[in-house]
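The structure appears below as structure tokens.
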Amino acid sequence: MSANGGDGILLQDLGTDHHVVELNRVGTDATGRVDLDNGAAGEGGIFLDDGPQYCVVDGNLVAGHADAVPSGRYGIRLRNDNTMYNRLSNNVVGLDVDTAASLPNHYGVYFENCVFDTVGPGNVISGNTSYGILLAGSSHFVFGNRIGTDSAGLVAFGNQSGIYIEGAYCMIGGPAITDGNLVSGNDEWGIEMHNWTSFPSDILVQNNVVGETAAGGAMGNGSGGIWIGQDFQFNEIGDLSGATGNRIANNGYTSPSGGPGILVGEDDWPCELGNIIGSNSITANAGKGIELSLALAYPGNEAIPAPYVTSATTAAAQGTIDAAITAAVVQVFVDPADEGAEYMGNASFTSATDWEFVFTTPPVVGQYVTATVTGTFGTADQTSEFSTAVVVSPAGTDVAEGATGRPERLELTVEAPGSSSGETTIRFSTPVPMHVRLHLYDVTGRLVCRLREGVLPAGTTDIQWDGRDAAGHTVASGVYLLEAVHAEGRQVRKLTLVR
């Protein structure tokens, strides 16, 4: 089905139902290794237009339609809202028959204003010059495919971006591990969401691998992992129960500023809110694990503040959240750096703002604990960025006095402030002289004042805080976070000021 002046295969109009398009080579020679485009005048490879339903497109090689004419050329295209309930499975779209070389289409798979169609399982959609899959309709399912790699999932043949979504109510992956797509090696983003003009968008992204090979090696998408952009809201990346999290790693290394694992927000569009990000494994990305575009007039997820981790040992982690967040769920992670490689579970609240998580599998000393919070903030339920990472210490590392009278371990403690003056004693104990930076923040992360920076002697040093900020203004009652950074890592303690 090659070198035609029009489409390679066209199914058109209502009543064109229950057809099977199977085991064809569309756009190549008989060997499946040489491009024989269906012609600049043609639309592309396989076209289901204006009404076909319950058709199956299975096991085809569709390649070589790469000219970017104004309407865009494609490998497989479905168009118009009567085109529904069709399935694409086990096709190779954009590579040769061996999936060893690119024979690109412009768009790999293009759904335009159609509904209830399925991409998967078993497609290899890679090497295309624009998007691997463009979903401009609604209520579609994309599962069990390899997008941006060869058939083995080990060699990158990137599309411009893997999956680009302009529609609503779509599911990328699914509730079972086998439903997930491998979306890796693409030039820009693994998954993008933009340009939806009706709210909400309600995209579910579950159990996908974004930025790794099928064997677990690094194969990142160039600009970043997942981008929730213009006008997209009320989407879910993973869940809050630990059942459908995605693996998002190694992305963003061709972005000049270092791309994130997940980005929420775009320019000054007001609608990127209400997005839930939960139970994912996010690690080793060039930028942040989760980035909310906070510098914009309309920040992503309304700039819901990240939680604080105030302590982390091999036994447990504790922390606090902003009091403006209600109906909150705090998820706890362990990571080699500052993202969330391993989801550990959901924390329990000991007060309206304080939380604790007891590890059933102890983390390794020297790893880092991070957390996110999902809750009602602003106008919606939504998820924060990761907290600042806190290094894991051995359990039971309270300060103890040795025979010399010097403390045997590092410890940072806070005495209760005076009820009227706000005068507070902060006590730092160290067995050896140590350079320490001691700063105080409010619960939004704003620096209140710098209390001490320099070398403290061995023993216990008392530092006074008079309840004022760096400008000398008296601060309000509330919860503050005291941070000590030193050669052994970082400690955070909560300070509650009541006037």
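The values are calculated or read from the model by the stated rules, or taken from the named source; none is laboratory data. Remember, predicted model here, so these are calculated numbers, not experimental data. We place every Cβ from the backbone using ideal geometry, glycine too, and count neighbours over all the protein chains shown.
Restricting attention to region 476-488, the residues being surrounded by fewer than 15 Cβ atoms within 10 Å (Cβ to Cβ), aliphatic (A, V, I, L, M) and in a strand (DSSP E or B) number 0. Residues that are in contact (Cβ under 8 Å) with a residue 60 or more places away in the chain, over 18 Å from Gln318 (Cβ atoms) and either of a type in the set (A, V, I, L, M, F, W, C) or in contact with a helix residue (DSSP H, G or I) (Cβ under 7 Å, 6 or more places away or on another chain) (or both) within region 441-499 comprise Leu497, Val498, listed in sequence order. Among the criteria (1) under 20 Å from Ser279 (Cβ atoms); (2) touching a residue at least 24 places away in the same chain (Cβ under 8 Å), the one Ser201 does not fulfil is (1).
Screening the candidates Ser139, Ser130 for the property of being farther than 19 Å from Asn60 by Cα, of a type in the set (Ser, Thr, Tyr), out of contact with any helix residue (DSSP H, G or I) (no Cβ under 6 Å at 6 or more places or on another chain) and without any contact (Cβ under 8 Å) to a residue 40 or more places away in the chain yields one hit, Ser139. Checking each residue in region 441-475 for being under 40 Å from the mean Cα position of the chain (by Cα), among the hydrophobic types (A, V, I, L, M, F, W, C) and not in a strand (DSSP E or B) picks out Val443, Ala470, Ala471, Val475.
Across region 265-297, the number of residues qualifying as buried (at least 24 other Cβ atoms within 10 Å of the Cβ), at pLDDT below 90 and among the aliphatic types (A, V, I, L, M) comes to 1.
Which of the residues spanning region 114-159 are of a type in the set (A, V, I, L, M), in a loop (DSSP other than H, G, I, E, B) and farther than 19 Å from Ile203 by Cβ?
Applying the first criterion (of a type in the set (A, V, I, L, M)) to region 114-159 yields 115, 119, 124-125, 133-136, 142, 147, 152, 154-156.
Retained after the next criterion (residues that are in a loop (DSSP other than H, G, I, E, B)): 136, 152, 154-155.
Correct list: Ala152, Leu154, Val155.
Taking the criterion of being in a loop (DSSP other than H, G, I, E, B), of a type in the set (Phe, Trp, Tyr) and within 22 Å of the chain's Cα centre (by Cα), would at least one residue in region 160-167 satisfy it? No: region 160-167 contains no residue that is in a loop (DSSP other than H, G, I, E, B), of a type in the set (Phe, Trp, Tyr) and within 22 Å of the chain's Cα centre (by Cα). For region 228-235, the condition of being at pLDDT 95 or above, closer than 17 Å to Lys288 by Cα and of a type in the set (A, V, I, L, M, F, W, C) holds for none of the residues. Name every residue in region 165-191 that is surrounded by fewer than 21 Cβ atoms within 10 Å (Cβ to Cβ) and closer than 20 Å to Gln233 by Cβ, in order of residue number. Residues satisfying the conditions are Tyr169, Met171.
Checking each residue in region 119-141 for being surrounded by fewer than 24 Cβ atoms within 10 Å (Cβ to Cβ), of a type outside the set (A, V, I, L, M) and under 15 Å from Tyr164 (Cα atoms) picks out Thr129, Ser130, Ser138, Ser139, Phe141. Restricting attention to region 192-206, does a residue exist that is in a loop (DSSP other than H, G, I, E, B), surrounded by 22 or more Cβ atoms within 10 Å (Cβ to Cβ) and either among the polar types (S, T, N, Q) or not assigned by TED's automatic domain parsing to the domain that holds Ser139 (or both)? Yes, there is a match, as at least one residue in region 192-206 is in a loop (DSSP other than H, G, I, E, B), surrounded by 22 or more Cβ atoms within 10 Å (Cβ to Cβ) and either among the polar types (S, T, N, Q) or not assigned by TED's automatic domain parsing to the domain that holds Ser139 (or both).
When Gly162, Gly144 are checked against the criterion of being crowded, with 24+ Cβ neighbours inside 10 Å and either in contact with a Gly (Cβ under 8 Å, 6 or more places away or on another chain) or assigned by TED's automatic domain parsing to the domain that holds Gly190 (or both), a single residue qualifies: Gly162.
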